[in-house]
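This report refers to the structure that appears directly beneath it.
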Amino acid sequence: LARRGWRGALRCGAGRMSEPAAKRVRTDGGCSGDGVGAAADGAGPAADGRKALVRLTAHAAHAKKMAKVASMAVRLLRTPGALTKEAAPELLELLASSLRGESGEEELARCRDPALRPAYSALFSAADEARVLRLRQREQLDVWLVTTVLEGTIVTTDDSFEFQRACKELREGVDALPPLEEEERGEELREILPAPGGEADEVEGAERRRQLRLLWARRVALVGCAEAALARHSVAWARTAAEMAIDALASAADEKLPPPLHRRAEALRNQLRDMKTGKSKGGGRRNPTAEKVSSFEKAQSRWAKDKDVSARGGVGFG
């Protein structure tokens with residue numbers, strides 16, 4: 001996905017999130033008792049960043065250590081000269097390990113844990129900024145960013161403008177998807193190409209499968225973002241942007257989504273229709289007076305009550 005405003009704002013927020021934790025990290029060779037502290041020891045410009053990444057990877061699969069691992073990895077990624085392109089394999093493994101979790105398999109549910117979303121947003125945004133990964137590895141990072149950063153923005157932001165930008169990015173991501181290939185129209189992504197007939201065919205076939213799997217993962221991630229947008233539909237200021245994002249996904253489903261994801265997109269459109277007509281099983285939309293407001297609206301309410309602000313919004317002079 002293109003680099004746009006929502007991602008820049010997330011990085012700023014991620015940076016603020018990680019600073020307090022980074023200040024608590026010991027850099028004198030000690031550790032915090034769980035072994036994580038020693039992993040980023042000596043994360044200065046002359047440190048062996050690749051070894052630090054390997055040590056952090058050993059702890060990234062543990063949910064209780066993930067926040068601290070992310071904080072230390074962000075500090076390492078933002079230290080000038082600490083990492084070069086040679087550290088790309090280690091960085092990619094750290095990111096993959098953080099998503100796989102302790103089971104050894106990729107668990108996107110982990111990065112959707114409300115308590116861990118800020119850590120994942122900070123880590124993956126810093127990895128994107130660092131420009132350590134090579135082209136093929138960045139293709140995988142771009143897919144992960146959809147779930148860890150874009151979806152994270154949709155779920156957590158209380159800024160209506162930020163939410164609208166994220167939903168716009170979601171629509172652009174759907175527009176950028178290519179039409180389905182014939183082999184993608186099955187119920188699931190299997191070994192979709194025939195067995196290679198020679199060394200050249202083997203290389204070409206493996207690359208073809210890799211690209212199709214990345215496209216599958218990107219489509220899954222975008223559908224997840226749309227589902228997250230629907231969950232914000234009860235919030236008045238998020239409603240229009242969420243509806244536009246879901247309509248864009250559902251409209252493209254026939255051409256761009258394989259059957260399992262097509263059904264999810266149709267389910268989203270049906271749920272949205274029920275919400276809009278007040279026929280959802282939950283009794284329709286929530287009472288508008290009970291809906292959440294954005295941080296800007298909260299501040300605006302406080303300003304309106306200030307004795308130095310007139311009923312028309314003018315600022316008094318004493």
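The values are calculated or read from the model by the stated rules, or taken from the named source; none is laboratory data. Everything numeric in this text was worked out from a predicted model, so none of it was measured. Please note: Cβ atoms are built from the backbone with ideal geometry, for glycine as well, and neighbour counts cover all protein chains shown. Calculation scope for accessible area: heavy atoms of the full protein, side chains included, ligands and nucleic acids excluded. Shrake-Rupley method; radii C 1.70, N 1.55, O 1.52, S 1.80 Å.
Scanning segment 75-84 finds one or more residues that are part of a loop (DSSP other than H, G, I, E, B), modelled with pLDDT under 95, of a type in the set (Gly, Ala, Ser) and open to solvent by less than 40 Å² (accessible area, probe 1.4 Å).
Name the helices (runs of 4 or more DSSP H) wholly inside segment 234-318 in which the number of residues that are at pLDDT 90 or above and either of a type in the set (Ser, Thr, Tyr) or open to solvent by 40 Å² or more (accessible area, probe 1.4 Å) (or both) is 1 or more. Per the criteria, 239-256, 259-277. Quick check, is Glu151 in a loop (DSSP other than H, G, I, E, B) and either open to solvent by 20 Å² or more (accessible area, probe 1.4 Å) or at pLDDT 95 or above (or both)? For Glu151, the condition - in a loop (DSSP other than H, G, I, E, B) and either open to solvent by 20 Å² or more (accessible area, probe 1.4 Å) or at pLDDT 95 or above (or both) - is not met. I'd like to check something: does segment 122-139 contain any residue that is over 18 Å from the mean Cα position of the chain (by Cα), buried (at least 18 other Cβ atoms within 10 Å of the Cβ) and not in a helix (DSSP H, G or I)? Checked against the condition, which is being over 18 Å from the mean Cα position of the chain (by Cα), buried (at least 18 other Cβ atoms within 10 Å of the Cβ) and not in a helix (DSSP H, G or I), segment 122-139 yields at least one hit.
Checking each residue in segment 140-169 for being within 18 Å of Leu91 (Cα to Cα) and out of contact with any Cys (no Cβ under 9 Å at 6 or more places or on another chain) picks out Gln140, Leu141, Asp142, Val143, Leu145, Val149.
Name the residues in segment 53-65 that are out of contact with any Ser or Thr (no Cβ under 6 Å at 6 or more places or on another chain) and surrounded by 24 or more Cβ atoms within 10 Å (Cβ to Cβ), would you?
Step one: filter segment 53-65 for residues out of contact with any Ser or Thr (no Cβ under 6 Å at 6 or more places or on another chain), giving 53-56, 58-59, 62-65.
Matches in segment 53-65: Leu53, Leu56.
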